[in-house]
Amino acid sequence: MDFGGKKHSLRGGRHFLRVVVPAGFAALGLALTACGSAGSSPSAAAAGPKLDPSAYVLTSGSAATNGYKAEPNSDTTESTAFQDPVPKCMHLSSGGLGPASTAHANGDMFSDDDGTAIESGARVFASADTVTRHVDLVHRADFPDCLAQAVMGELSKSGGMSGATVRSATAQPPPRGATALTRIIFNVSASGDTVEVNVDLISIFRGRVESVILVVNPLTQVSTDTLTALSGQVVGKLANQ
């Protein structure tokens, strides 16, 4: 990417979101790293039919992902927004988060020449009650700021970026069928330059499955049509459980 004649890679390293959504979210790195939900114990065998989490992530071959380059995601860590330090910021205990997932999967990584990076992940739970609890959590007023602070802390200590500040962290109206849309705008300093980085985290929680889509876009905000198309693919998949 070229900023003022200097090239910088905003995707280098999966640290940006890895703090909160561990799925190899290379898109700048919000890699929410999951070691199970903040220490919660594995849940019992699923009460319902066995679900394959890989069936609930973004895939190539649809209008939503046309125009993007797809790469396999070799990261097998779990994608979740409920990994420390986010639960600590929200004053949550492992009991407040509920049982851990029974299975998880990450989708391909998508990117384009403008620097947009997109990743997705899904988690399956033994009970829909856990998912319902998490729906309430992503709707809490403190969730966007706690997520932003976690990501900012990781960005600030990542190689090649001297610092990051949060311009805004807000809950936005989600695309149709999605549970929540969390939008964070950062100013990121790299090699003496400061650039704007826009982050959209789409949460799609339904039944016993939680799917997340992370979209990172430098300089400009990704369009509503793009967010709607991406989430629409996953919303349709979650209808089949």
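State the extension gain, in nm to one decimal, for the chain segment bounded by Gln221 and Glu71, taking 0.36 nm per residue of separation less the distance between their alpha-carbons.
Roughly 51.7 nm would be gained on extension.
In nm, give the distance between the simple-model label positions of Ala128 and Asp193, each being 7 Å from the Cα along the Cα-to-Cβ direction.
Placing both labels 7 Å along Cα→Cβ, they lie 4.9 nm apart.
Could you calculate the FRET efficiency of Arg167 with Ser62 from 1/(1 + (r/R0)^6), where r is the beta carbon distance between them and R0 is 35 Å, rounded to 0.05?
For R0 = 35 Å, the calculated efficiency reads 0.60.
Return the carbon/sulfur percentage of the accessible area of the range 103-238, one whole number, probe 1.4 Å, all protein chains in place.
Carbon with sulfur: 48 percent of the solvent-accessible area.
The values are calculated or read from the model by the stated rules, or taken from the named source; none is laboratory data. Quantities reported herein were computed from a predicted structural model and do not represent experimental measurements. For neighbour counting, all protein chains shown are included, and Cβ atoms are generated from backbone atoms with ideal geometry for every residue, glycine included. Note: accessible area is taken over every heavy atom of the protein model, side chains too, but ligands, DNA and RNA are not part of it. Shrake-Rupley method; radii C 1.70, N 1.55, O 1.52, S 1.80 Å.
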